[in-house]
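Visitor: Below: one structure in structure tokens.
The numbers here are math on the coordinates, done by the rules we state, and not lab data. Given the structure is predicted, the values throughout are model-derived calculations rather than measurements. Reconstructed Cβ throughout: ideal geometry from the backbone, glycine too, with neighbour counts over all protein chains shown.
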Amino acid sequence: MYEVLNEINGAEDVKKLSLEELEILAEDIREALFNRLTKVGGHFGPNFGMVEAEIALHYVFDSPKDKIIFDVSHQSYPHKIITGRKNGYIVDEDFGEDSGYTNPDESEHDLFNVGHTSTSVSLATGMAKARDLLGGEENVIAVIGDGSLSGGEALEGLNVAGSEIKSNLIIVVNDNQQSISETHGGIYRNLKELRETKGKSENNFFKAFGLDYIYTEDGNDIENMIRIFEEVKDIDHPIVVHMNTVKGKGYEPAVENREYWHWTMPFDRDTGKPFVDLNAGETYTNIAKKFILEKAKQDSSFVAITPNMPGSFAMSQKERESMGEQFVDVGIAEEQAAAMASGAAKAGAKPLVFTNVTFMQRAYDQISHDICINKNPVTILLNHASFNTLRDVTHLGIFGIAEFSNIPNLVVFCPSSKEELLGMLDWSVEQRRHPVMILMPGNKVSCRPSDNNYDIINKFRVERKGKKLAILGLGDFFQMGEALAEAVKERFGFEPTVINPRFASGVDAELLEKLKENHEAVITLEDGILDGGFGQKIASFYGTSDMKVKNYGLKKEFYDRYNPKELLASLGMDKESMLGDIGTLISL
């Protein structure tokens, strides 16, 4: 099935091939990609569009001596296949051995474990500087997509590369006219002008930074890319290789619908349809999206802002267009999204910023400094804020509570039901006193009556009154708390109190004090790391009292590609383990 790939066991084998064999290798690599992606999913378009360029990179350069640094690294699958990891694509039983991003634990050809965007140029400037200080002679190559150029770190990296690096640095810009969704920002007008003039326009974004520059129209032609890379190999100054490619090349549905095929679930190759539709039925994602769309129709002062992540809430292009000027995509630029929202709130608009929690950590300073110090009423809605959704080490959602709940003035909500999510969204957008962050649940949608007014900050809600033991289940762990309460009643014969905290950013001192009257112990459950999290706030409150407190949550670790159920069990968060703990906490 794999005519040439079967003979490729390392990057050095690519150099032995003829041009005809290299072309067959490209076909083999795409077949290997199909084998993996149809069965386990992953980043489709970025990898299919980079097959030829990555073959040429390894044909010309000498990895791992020469350093190839991939931005995001979601386009590095062909590189992985070439550098000894083809079994992770052609042998189904070996899929788990290969991550979706570059990973130094897998291979010496991978320099960084990277999954966020706009990083490669900055990382490469550091490697180039170290090489020069240590007397090395290797090439340093940064690979970055055009969508990543809108990120602040990419611009900072280009700024340093063009002025502070005086030696070899090769920046390969993969221009496929697409980010995760469509590109946004003035940079892309210049890229278009450069493509239309075949790189000859005097208005050159890269040259303005002081960088040398070369353009090639066909980044999907192996022979052409070999010639280009041979021309720049061992160059003695920084240069940009701007190449035009086709995202999704080799699969027509992916070429025609580049946004949809940026990342895919397992799918049927013949029809292009996924085997499982994550957005089928009622989900918290769809509930939030519907709120955003309806709010825009009802209130002309409402504006939704996203850093190129409309897909985080399954918002189609047609739905975005229906919002008109009330939808703003700032490109991959979380800092801009947060600061722009603060400015909009200050001027009287009702801004809501939405993306995945793993990306919003890049705007921590803007949230703290630009929004919260100024107490501007911005709503930040973050998806995948759970251990149970994104599980790659670079995309974990388990740090949101600890990261953001300790910023002064920021109200952090963890809704536990559909009604709570909608009530919190509506209250947050309409109120004018607090910056608000809402961490989306990661479990199945549940329904339960809830409050719609949250003017009393940090007011917990007692859902079931009991005695001896109080169970505080935060957000999507509230249902775990309910189930545990039933198990306690059955095992120990008493009704525990069940509390829905709702607020992750503070404590209900009045309620916690009252629990001392007829409770011996308190248990907290939270979907996040314990260090700096919600449970520690409760434990600190009771620190000088006789109340026993047991916190359940995750360790402060970078978990990677884990089984959620097995992870909870290893942390003692399965029902039997927790019941065992309870038996030692209370008098029976």
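Visitor: If you line up the Cα atoms of the chain on their principal axes, what length do they span on each, largest first, in Å?
Guide: Its Cα atoms span 80, 54, 53 Å along the three principal axes.
Visitor: Let me ask you something else. If a paramagnetic tag sat 7 Å from the Cα of Glu576 along the Cα-Cβ line, which residues of segment 470-490 would have the backbone N under 19 Å from that point?
Guide: 483-490
Visitor: Here's something else I'd like to know. If one takes the longest principal axis of the Cα atoms in the chain, at what angle in degrees, from 0 to 90 and to the nearest 10, does the Cα axis of helix 51-60 lie?
Guide: Computed tilt is about 60 degrees.
Visitor: Relative to the longest principal Cα axis of the chain, at what angle does helix 418-430 sit, 0 to 90 degrees, rounded to 10?
Guide: Approximately 80 degrees, to the nearest 10.
Visitor: Starting from segment 483-588, pick out the GluC sites (Glu not before Pro) whose DSSP state is loop and whose Cβ has at most 13 other Cβ atoms within 10 Å.
Guide: Hits after loop and neighbour filter: Glu517, Glu557.
Visitor: Turning to a different aspect of this structure: Could you pull out which residues in segment 35-61 have an amide N less than 19 Å from a spot 7 Å beyond the Cα of Glu252, following the Cα-Cβ vector?
Guide: Label zone hits: 45, 48-49.
Visitor: Moving on to the next point. Using 18 Å as the Cα-Cα cut-off, could you pick out the over-long pairs in Lys39/Lys273; Lys297/Lys444; Lys65/Lys207?
Guide: Lys297/Lys444; Lys65/Lys207, as the Cα separations exceed 18 Å there.
Visitor: May I pose another question? Just want the ordering: Lys318, Lys200, from fewest to most Cβ atoms lying within 10 Å of their own Cβ.
Guide: Exposure proxy ranking, most exposed first: Lys318, Lys200.
Visitor: Right, here's the next one. Ranked by Cβ crowding within 10 angstrom, fewest neighbours first, how are Phe387, Phe34 ordered?
Guide: Going from sparsest to densest Cβ surroundings: Phe34, Phe387.
Visitor: Give the percent of DSSP beta bridges with both residues in the chain that are antiparallel, rounded to the nearest 5.
Guide: 10
Visitor: A further question on this structure: For segment 268-376, take every pair of Cα atoms, bin their distances at 5 Å starting from 0, and report each bin as a whole percent.
Guide: So the P(r) values, bin by bin, are 2, 12, 20, 21, 19, 13, 6, 4, 2, 1, 0.
Visitor: On a 0 to 90° scale, report how tilted helix 187-196 is relative to the longest principal axis of the chain, with both axes built from alpha carbons and the result rounded to the nearest 10.
Guide: Approximately 20 degrees, to the nearest 10.
Visitor: For segment 284-439, calculate the relative contact order in percent as a whole number, restricting contacts to Cα pairs under 8 Å that are 6 or more residues apart.
Guide: Relative contact order, segment 284-439: 22 percent.
Visitor: Could I ask something else about it? If R0 is 30 Å, what FRET efficiency do you get for Asp299 and Glu510 from their C-beta distance, rounded to 0.05?
Guide: Working from the Cβ atoms, E equals 0.30.
Visitor: Report the full-extension gain for the segment Lys459 to Glu27: residue separation times 0.36 nm, less the Cα-Cα distance, to one decimal in nm.
Guide: 149.5 nm
Visitor: With a cap of 16 neighbouring Cβ atoms within 10 Å, and only residues DSSP puts in a loop, list the GluC sites (Glu not before Pro) found in segment 274-371.
Guide: Glu282
Visitor: Also: Arrange the peptides 466-475, 82-91, 203-212 so that the one whose residues have, on average, the most other Cβ atoms within 10 Å appears first.
Guide: Averaged packing, sorted descending, gives the order 466-475, 82-91, 203-212.
Visitor: Something else now. Give me the distance between the Cα centres of segment 480-550 and segment 149-209, rounded to whole Å.
Guide: Here the answer is 52 Å between Cα centres.
Visitor: While we're on this one: If you stretched the chain out fully between Asp92 and Glu20, how much longer would it get, using 0.36 nm times the residue separation minus the C-alpha to C-alpha distance?
Guide: Using 0.36 nm per residue and subtracting the Cα-Cα distance, I get 23.1 nm.
Visitor: Note the full-extension length gain between Met1 and Glu196 as 0.36 nm times their separation in residues minus their Cα-Cα distance, in nm to one decimal.
Guide: Result: 66.3 nm gained on full extension.
Visitor: For a footprinting-style exposure proxy, rank Tyr542, Tyr77, Tyr364, Tyr59 by other Cβ within 10 Å, fewest first.
Guide: With the fewest neighbours first, Tyr542, Tyr77, Tyr364, Tyr59 line up as Tyr364, Tyr542, Tyr59, Tyr77.
Visitor: When N counts the residues of segment 323-444, how does its alpha-carbon radius of gyration compare numerically with 2.2 N^0.38 Å, as a ratio?
Guide: 1.00
Visitor: With an 8 Å cut-off on Cα pairs and a minimum separation of 6 or more residues, tell me the relative contact order of segment 5-259 in percent.
Guide: 22
Visitor: Now a separate question. Within the set Lys15/Lys198; Lys16/Lys247; Lys516/Lys537; Lys198/Lys318, which residue pairs have Cα atoms separated by over 24 Å?
Guide: With Cα atoms farther than 24 Å apart: Lys15/Lys198; Lys16/Lys247; Lys198/Lys318.
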